[in-house]
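The values are calculated or read from the model by the stated rules, or taken from the named source; none is laboratory data. Here the structure is a predicted model, which is why all the values come from computation and not from measurement. A quick note on method: Cβ atoms are made from the backbone with ideal geometry, for glycine too, and the neighbour counts reach across all protein chains shown.
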There are 4 protein chains.
Amino acid sequence: MMGAKGAGATAIAKASRTKIRIRGHDLCDDLIGKVDFTTFFFLHLTGEMPNEKQVFFLNAMLVALAEHGLTPSAQAARMTLQAGPDAMQGAVAAGILGCGSVILGSAESCGRFLSQGVARVRAGESNDEVARAMVQGLRDQKKFLPGFGHPLHRPVDPRAVKLLALADEKGASGDHVAFLKAVAGVADGIYGREMVMNVNGPLPAILLDLDFPEAALKGISILCRTAGLIGHCVEELERPIGFRLAHLGDAGTVYDGPNPPEDL
Amino acid sequence: MMGAKGAGATAIAKASRTKIRIRGHDLCDDLIGKVDFTTFFFLHLTGEMPNEKQVFFLNAMLVALAEHGLTPSAQAARMTLQAGPDAMQGAVAAGILGCGSVILGSAESCGRFLSQGVARVRAGESNDEVARAMVQGLRDQKKFLPGFGHPLHRPVDPRAVKLLALADEKGASGDHVAFLKAVAGVADGIYGREMVMNVNGPLPAILLDLDFPEAALKGISILCRTAGLIGHCVEELERPIGFRLAHLGDAGTVYDGPNPPEDL
Amino acid sequence: MMGAKGAGATAIAKASRTKIRIRGHDLCDDLIGKVDFTTFFFLHLTGEMPNEKQVFFLNAMLVALAEHGLTPSAQAARMTLQAGPDAMQGAVAAGILGCGSVILGSAESCGRFLSQGVARVRAGESNDEVARAMVQGLRDQKKFLPGFGHPLHRPVDPRAVKLLALADEKGASGDHVAFLKAVAGVADGIYGREMVMNVNGPLPAILLDLDFPEAALKGISILCRTAGLIGHCVEELERPIGFRLAHLGDAGTVYDGPNPPEDL
Amino acid sequence: MMGAKGAGATAIAKASRTKIRIRGHDLCDDLIGKVDFTTFFFLHLTGEMPNEKQVFFLNAMLVALAEHGLTPSAQAARMTLQAGPDAMQGAVAAGILGCGSVILGSAESCGRFLSQGVARVRAGESNDEVARAMVQGLRDQKKFLPGFGHPLHRPVDPRAVKLLALADEKGASGDHVAFLKAVAGVADGIYGREMVMNVNGPLPAILLDLDFPEAALKGISILCRTAGLIGHCVEELERPIGFRLAHLGDAGTVYDGPNPPEDL
């Protein structure tokens, strides 16, 4: 059977009859009532207690990304809940599955992009040089520039602006933010159109500057969208619109296959 | 088509080209960097800013329930992630789907049970009287007593004890906590065995005493378990044990169907 | 830890280094290339090879229920796929989560309803008598009549008509079909409006008459909708409409919360 | 809003008050009771009725891959079901989410690999030449060879052997099967160890030789595993082992974090 070899181990938590220890802390004596949920999330993820700046920006990111109206994932969750109102976990799961590579998941790909850029800058190249080379590289391959582009917000994504302003104000901006700004400076010229920096640009830039683990970037959107989806589910239980949303989608879509029913 | 009739409406959020308003608050001006994630969650859910006590106990609950070691849902998430490491959203969704009616989802059924009890108490019966009648009713139908019973913790679930102590200390205990205590007082006698109050007893009792919406109780476990699952996923990416967990489950299970392979 | 006690066993399948045995049959020698997928599904589920009539009707049900246009679950899947085109499993899972108790899952509740009715008929009451009593009971509790009602099809659901005709033609109709017909005979009068029998009436009636396990009824919709969702996903990869469906839903929904953005 | 531009269209199906047309066929007149589920799946996916050979091999693949004992996805489904027995759709979804890129999803990556090879062969290179170059390329990048490797089966995966034998016997083998055999001929030498061809080698090879759409290859595993998962769910309802599987996984895993509870 697969996975058979080697020791299996976890360093996150262990429960006994009388104790639950999480990252070495006693859950009941040291954490419940003593740390807030955001602090707990950081500790659970990294094994380290966050400093004040880390908690501040983690909260800022979770608040910035939790809700954006009737997004595809909110609609998927609401349609799913109206079909099975007794299984909220299914509706939330359906919504979370929309945190894919294209939307919401793009914090992850932008984080990778920024890390690669910063590595080159730290090795001696200038921010502008590396930004030009990497953006041109994506453009040549007709690829998206991660962290840029938004279907609605013009001329800026107000969340991106706010987060960058906070990072400068609180002294959190480091190499990743600097590189992101260099990318923003060359993007319009290279892509030949206005490239709106979206929230998934500053989010990984600032968090990476604050030593947040790169592998966990996608977790930020997943966690805060879960909160947003729960809100949509509770509203859906009181004022259902899930099937109505599906009706609107259906009514606005053409059937262009062979032989449609005669009595449409 | 279904859902066609009547107006469809949402009161949660609306985004325009330059603004995102959530429950009437401007996301960038009033929320990002000003409220923490727990406060945001309450506001998003209810439309109202929480008071200090509500934030304190919401944090306490989210911390208390986020992690409990290699639970079924953590294992389901880790198995799923090792099978598709590029899709963390799928692994988290698989784990969340384990917040069913039996475990994790029991905050919801306990909340309903407590509400029914408190309604009778408020209508004139005594806590003890109502507790006896309702617990006996469940026992007679051979049903579980929601909020009681734990496979591991003995003689108490330390989280339940801690949460009740905090509720008393902070003056948060009201009618639901009082009724829960009455239930605890009669449960052992009626079920004829030691009934350990688990964390899903005090969680709904305290939150209902603080006017948290009953329909959102299940959302508490879903949200905080999501945080826990993200931590497990990040560890799984570094030190995979998902397939190994499946191997252990397989190796410890007997095949008792017809005609097993000869070369096992 | 929970689940610790007692032996764990499965009778479905066992793989060794050289063999895979499923319900006692050798997968490679006896099944691959020898039985079709529908036969395999029945065997896997029940441990018994199906007879010709069982295969015929299982195929009929799976074909009847697999596709119904841009349903909520097809839309949820397509929105999810456009957000993460590399994770088709996530999109299909999001769609399947819509097989809840209200739609698709209603084969299950109708099956339970029919079984209860047939038990009473077999104990001596007449079909008409039991149908009247049980339908009136639901009506008095303002509950839905499972297997009846459709948002689109008028005056009949053509699938229901077809399946009942096939059952009569092939001699498959038994006690459950007879009871379903009795229910149909009294439903309009008791509910005071036209009650369209939908596909989830004949589906459980016929399958229960053919000894299909009641606990697996929900599996029928889940399996065949999975096939339908895969077709939608493949079309979505070529001609994406997922985000457009979400746009239509959003554009057709009113924001009625406080303080909307000024530049909508 | 995203997705706003351009016409939205689907060519799969359209329902009216009295008709459901799927790929132009009338569901009730032409499909229910006339075509089996596997034929329907192909028609739904491609818009074309399959020929006899296509149906035969589609059945063979669906049967070959549906079940392999207590796999990670079967265990994830069973753990999820025991936690929420009323939501089978959630348990099946949790299992399907395990059809990731590493296992089950590998039919997709192997299909892509074979297509690339066949394109080069059709452009003039020999099977052996292309196989050597492409396998060496993967080896040099320390990547897996898709369609090869199995944690249990030795010295062959019996399903792979059976499927290739059937393809030869029925005259279904074409360029993709020929290229797969060339790959098998050089794999051991280049990787320096025994490379067991698994079921996800012949599956895409044969289906691509039969003009099955490459984009739908992943759908094969998703569809047939859904059938397998339903069987596991039905057994789980009767003889639950989900939590026990989790107990086994937990008991066999070491906690190597700081400060374990003293009373383990």
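Details
- Exactly one residue out of C:LYS181, C:LYS170 is touching a Phe, Trp or Tyr at 6+ places or on another chain (Cβ under 8 Å) and basic (Lys, Arg), and it is C:LYS170.
- Test for D:VAL183: is it in contact (Cβ under 8 Å) with a residue 60 or more places away in the chain and crowded, with 19+ Cβ neighbours inside 10 Å: yes
- Residues of segment A:128-137 that are within 28 Å of A:ALA64 (Cβ to Cβ) and surrounded by fewer than 17 Cβ atoms within 10 Å (Cβ to Cβ): A:ASP128 alone.
- Qualifying residue in segment D:16-29 (condition: over 20 Å from C:THR38 (Cβ atoms), at the interface with chain C (Cβ under 7 Å from one of its Cβ atoms), at pLDDT 95 or above and surrounded by 22 or more Cβ atoms within 10 Å (Cβ to Cβ)): yes
- Matching residues in segment D:107-118 - criterion: being within 14 Å of chain B (Cβ to nearest Cβ) and surrounded by 24 or more Cβ atoms within 10 Å (Cβ to Cβ): D:ALA107, D:GLU108
- Taken over segment B:32-61, the residue count meeting the criterion of being of a type in the set (A, V, I, L, M, F, W, C) and closer than 17 Å to C:TYR255 by Cβ is 1.
- Qualifying positions in segment B:30-54 - at the interface with another protein chain (Cβ under 8 Å from one of its Cβ atoms) and without any contact (Cβ under 8 Å) to a residue 24 or more places away in the chain: B:LEU31, B:ILE32, B:GLY33, B:VAL35, B:ASP36, B:PHE37, B:PHE40
- In segment A:96-128, residue farthest from the chain's Cα centre (by Cα) [restricted to those that are modelled with pLDDT under 95, part of a loop (DSSP other than H, G, I, E, B) and of a type in the set (A, V, I, L, M, F, W, C)]: A:VAL102
- Residue match in segment B:92-106 (condition: away from chain D (no Cβ under 14 Å) and buried (at least 22 other Cβ atoms within 10 Å of the Cβ)): no
- Whichever residue in segment A:139-160 is more than 14 Å from chain D (Cβ to nearest Cβ) and free of Cβ contacts under 8 Å to residues at least 12 places away in the same chain and, among such residues, is surrounded by the most Cβ atoms within 10 Å (Cβ to Cβ): A:PRO158
- Among the conditions (1) within 27 Å of C:PHE40 (Cβ to Cβ); (2) of a type in the set (A, V, I, L, M); (3) assigned to a loop (DSSP other than H, G, I, E, B), C:ALA93 misses just one, which is (3).
- Of all residues assigned to segment A:190-201, at least one qualifies as being more than 11 Å from chain B (Cβ to nearest Cβ), without any contact (Cβ under 8 Å) to a residue 12 or more places away in the chain and either among the acidic types (Asp, Glu) or closer than 24 Å to A:PHE144 by Cα (or both).
- Any hit, segment C:119-127, residues being surrounded by fewer than 22 Cβ atoms within 10 Å (Cβ to Cβ), of a type in the set (Gly, Ala, Ser) and under 20 Å from A:ASP86 (Cα atoms): no
- Residue ID - farthest from the chain's Cα centre (by Cα), chosen from residues in segment B:37-68 that are outside any helix (DSSP H, G or I) and surrounded by 21 or more Cβ atoms within 10 Å (Cβ to Cβ): B:PRO50
- Once segment C:170-194 is narrowed to residues that are touching a helix residue (DSSP H, G or I) at 6+ places or on another chain (Cβ under 7 Å) and acidic (Asp, Glu), the residue that is nearest to C:ARG112 (Cα to Cα) is C:ASP175.
- So C:ILE190, is it within 18 Å of A:ALA76 (Cα to Cα), of a type in the set (A, V, I, L, M) and in a helix (DSSP H, G or I): no
- The set of residues in segment C:129-186 being within 22 Å of the chain's Cα centre (by Cα), among the small types (Gly, Ala, Ser) and either more than 16 Å from C:ALA205 (Cα to Cα) or not in a helix (DSSP H, G or I) (or both) consists of C:GLY147, C:GLY149, C:ALA172, C:SER173, C:GLY174.
- Only one of the numbered conditions (1) in contact with a strand residue (DSSP E or B) (Cβ under 8 Å, 6 or more places away or on another chain); (2) touching a residue at least 60 places away in the same chain (Cβ under 8 Å); (3) more than 11 Å from chain D (Cβ to nearest Cβ) is violated by C:ILE241, and that is (3).
- Scanning segment A:207-233 for residues that are of a type in the set (A, V, I, L, M, F, W, C) and more than 13 Å from the chain's Cα centre (by Cα) returns A:LEU208, A:LEU210, A:PHE212, A:LEU229, A:ILE230, A:CYS233.
- Which numbered condition D:LEU217 fails, given (1) crowded, with 24+ Cβ neighbours inside 10 Å; (2) in contact (Cβ under 8 Å) with a residue 60 or more places away in the chain; (3) facing chain C (nearest Cβ under 9 Å): (3)
- Of everything listed in (1) assigned to a helix (DSSP H, G or I); (2) away from chain C (no Cβ under 14 Å), the single unmet condition for B:GLN75 is (2).
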